[in-house]
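The values are calculated or read from the model by the stated rules, or taken from the named source; none is laboratory data. Since the model is a prediction, treat every value here as computed from it, not as a measurement. Quick reminder, even Gly has a Cβ in these numbers, built from the backbone with ideal geometry, and neighbours come from all protein chains shown.
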Amino acid sequence: MGRRREEHDPDRFLQLRGDHFHYRRRVPKEVRHLDERGEFVRRALDATERVKARTARDIHEAADNALWASLMLGENPKAARARYSQAIKRAESLGFVYRPLAEILVAEPLDTILQRIESTIGEPAKSTSVDAAGGAVARPDDRISDALKLYFDEIARDEIRSKSPDQKKRWKAKRQMSVDVFISLVDDKPIGEITRDDARVVHKYWLDRIAPQTGRADRSASTGNRNMGNLRTLYADYYRHLGFPEQKNPFADLSFSDKSKRSRPPFPTDWIRDKIFAPGALATLNEQARGIVLAFAETGARPSELANLHAGVINLDHDVPHISVEPRDDPDDPREIKTASSVRKVPLVGVALEVFKRHPNGFPRYKDREASLSGLLNKHFKSQGLFPTDDHTVYSLRHSFEDRMKNGRLDEELRRMLMGHRIDRPKYGEGGDMRMWREELMRIVLPFDPSIV
């Protein structure tokens, strides 16, 4: 009965000290061990008039009711997010920007606070309108591991919808690694408690690997920048998703100078002709992996692009046989292309044409398995002595193709188009131009023994 009478007392939880009113309230026993404020909650209300004190009290009362209800329910992060999102929408419907109570009291003038309260006159003390206008719903504070899961499941869902299963797996793995490093160095903290000092701990970890004071670096600046960028994006997108895009980002402006980017060296043309195209050099590779290597050398198309071609984009019956590098739009079998400029047509000449005559349906063994393909090819090249130096990888064949076009004095825009690089004017047309592209490529075509296909 005492609690019921208290709820109807117009001066409940008010205490007059001198000329000013204070809010004083006992924390329920059920949640006292979870509320860090102790047995009592005490706040100065900055009010000398009883009417204003009561309205300010109502805001604090609603906030504490919401907090203690959440503590008693053991509210999970998903439920807290849903409740918070509902409060934001309700506040907007009342004509206010939703802010938690502490921010309202600090950031808004008294007139605005009173307007918030007046908008809920007649509403029950525990209504959603009172909670929304009074900022009584605390921001959800997922741990960074849960924030990443939310990022994967909801925030970035539209970004990854067109990726293939393997592309999604690798995209998620990179961001998971960034968060795992943070957790190992700092803790699986609530994301709202991450500080600038926490971010600097992670920055120093990568700095020590990129630019150690002694010894050799074991990571590149681009790796460090990618990992810091993943954390920065996660933090920003999480709060943007909650409706707070202005939230200060502790990972902002923490990056590494990348002035000494390493470029893979190209294979010399005579090395490709005499070593890689030598009969027997690729003989122990399976037929599809061998076909990809040979087509790679003569088209410059990325191995991942070649591995995911299919019959519909391998055009052998056209006036100019060619492949079309383009995304897969099938909702049951999607795949992204690296950039918009990567969508292109590449004429087939030399060994590449012979490869696709043998593989008119592409290379299904390596569809969406480019990581496996890359590992196999690099292992084979290393074991067979097909790398001129330790700095070479199979991907160096792409740089060789570009160099051969430069040395052959092919037009710069044609080179950029065939490589899938951005150009600053409309792309070449098709039809007659395709014949011209083939003629240009025939000037740099590599001789080959048919037995290597």
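Kindly check whether there is at least one residue in the range 275-287 that is in contact with a Leu (Cβ under 8 Å, 6 or more places away or on another chain), under 20 Å from A371 (Cα atoms), in contact (Cβ under 8 Å) with a residue 40 or more places away in the chain and buried (at least 16 other Cβ atoms within 10 Å of the Cβ). Break it down stepwise before answering.
Here is the first cut: in the range 275-287, the ones in contact with a Leu (Cβ under 8 Å, 6 or more places away or on another chain) are 275-277, 281-282, 285.
Next, from what is left, pick out any that are under 20 Å from A371 (Cα atoms): 282, 285.
Imposing the further condition that a residue be in contact (Cβ under 8 Å) with a residue 40 or more places away in the chain reduces the set to 282, 285.
Right, trim to buried (at least 16 other Cβ atoms within 10 Å of the Cβ) and you get 282, 285.
Yes: one or more hits.
Mind counting the residues in the range 26-76 that are modelled with pLDDT under 80 and of a type outside the set (A, V, I, L, M, F, W, C)? Residues meeting the conditions: 18. Within the bounds of the range 342-364, is there any residue that is closer than 29 Å to D270 by Cα, in contact with a strand residue (DSSP E or B) (Cβ under 7 Å, 6 or more places away or on another chain) and basic (K, R)? So far as the range 342-364 goes, yes, one or more of its residues are closer than 29 Å to D270 by Cα, in contact with a strand residue (DSSP E or B) (Cβ under 7 Å, 6 or more places away or on another chain) and basic (K, R). Out of the residues in the range 155-168 that are under 12 Å from the mean Cα position of the chain (by Cα) and in a helix (DSSP H, G or I), state the one that is surrounded by the most Cβ atoms within 10 Å (Cβ to Cβ). Once the filter is applied, the top-ranked residue is I155. Can you confirm whether the range 229-242 contains a residue that is farther than 19 Å from R175 by Cα and more than 15 Å from the chain's Cα centre (by Cα)? Scanning the range 229-242, I find at least one residue that is farther than 19 Å from R175 by Cα and more than 15 Å from the chain's Cα centre (by Cα), so the answer is yes. Scanning the range 367-384 for residues that are closer than 24 Å to P327 by Cβ and among the charged types (D, E, K, R) yields K367, D368, R369, E370.
The residues of the range 438-453 that are in a helix (DSSP H, G or I) and farther than 18 Å from I323 by Cβ, listed by number, are P450, S451, I452. Inspect the range 375-383 for any residue being surrounded by 21 or more Cβ atoms within 10 Å (Cβ to Cβ), in contact with a Lys or Arg (Cβ under 9 Å, 6 or more places away or on another chain) and either in the same structural domain as E159 (by TED's automatic domain parsing) or modelled with pLDDT of 95 or more (or both) and give the result as yes or no. Taking every residue of the range 375-383 in turn, none turns out to be surrounded by 21 or more Cβ atoms within 10 Å (Cβ to Cβ), in contact with a Lys or Arg (Cβ under 9 Å, 6 or more places away or on another chain) and either in the same structural domain as E159 (by TED's automatic domain parsing) or modelled with pLDDT of 95 or more (or both).
Taking F356, is it under 17 Å from I276 (Cα atoms) and of a type in the set (F, W, Y)? For F356, the condition - under 17 Å from I276 (Cα atoms) and of a type in the set (F, W, Y) - is not met.
Considering I194, I160, the condition of being more than 30 Å from T339 (Cβ to Cβ) and out of contact with any His (no Cβ under 7 Å at 6 or more places or on another chain) is satisfied by I194 alone. For the residues S374, S304, the requirement of being touching an Asp or Glu at 6+ places or on another chain (Cβ under 6 Å) and not in a loop (DSSP other than H, G, I, E, B) singles out S304.
Tell me yes or no: at least one residue of the range 135-144 is closer than 29 Å to A252 by Cβ, at pLDDT 90 or above and of a type outside the set (G, A, S).
Looking through the range 135-144, at least one residue is closer than 29 Å to A252 by Cβ, at pLDDT 90 or above and of a type outside the set (G, A, S).
Looking at the range 338-359, is at least one residue surrounded by fewer than 14 Cβ atoms within 10 Å (Cβ to Cβ), more than 25 Å from the chain's Cα centre (by Cα) and either closer than 23 Å to L316 by Cβ or at pLDDT below 90 (or both)? The answer is yes; a qualifying residue exists. Within the range 417-433, not a single residue is closer than 28 Å to D270 by Cβ, in contact with a Pro (Cβ under 9 Å, 6 or more places away or on another chain), among the small types (G, A, S) and in the same structural domain as V313 (by TED's automatic domain parsing).
When E246 is tested against (1) farther than 20 Å from R143 by Cβ; (2) under 16 Å from the mean Cα position of the chain (by Cα); (3) not polar (S, T, N, Q), exactly one condition is not met: (2). Determine, yes or no, whether L309 is under 21 Å from K338 (Cβ atoms) and in contact (Cβ under 8 Å) with a residue 40 or more places away in the chain. Criteria met by L309. One residue alone among S372, S383 is over 21 Å from P450 (Cα atoms), of a type in the set (S, T, Y) and touching a helix residue (DSSP H, G or I) at 6+ places or on another chain (Cβ under 8 Å), and that residue is S372.
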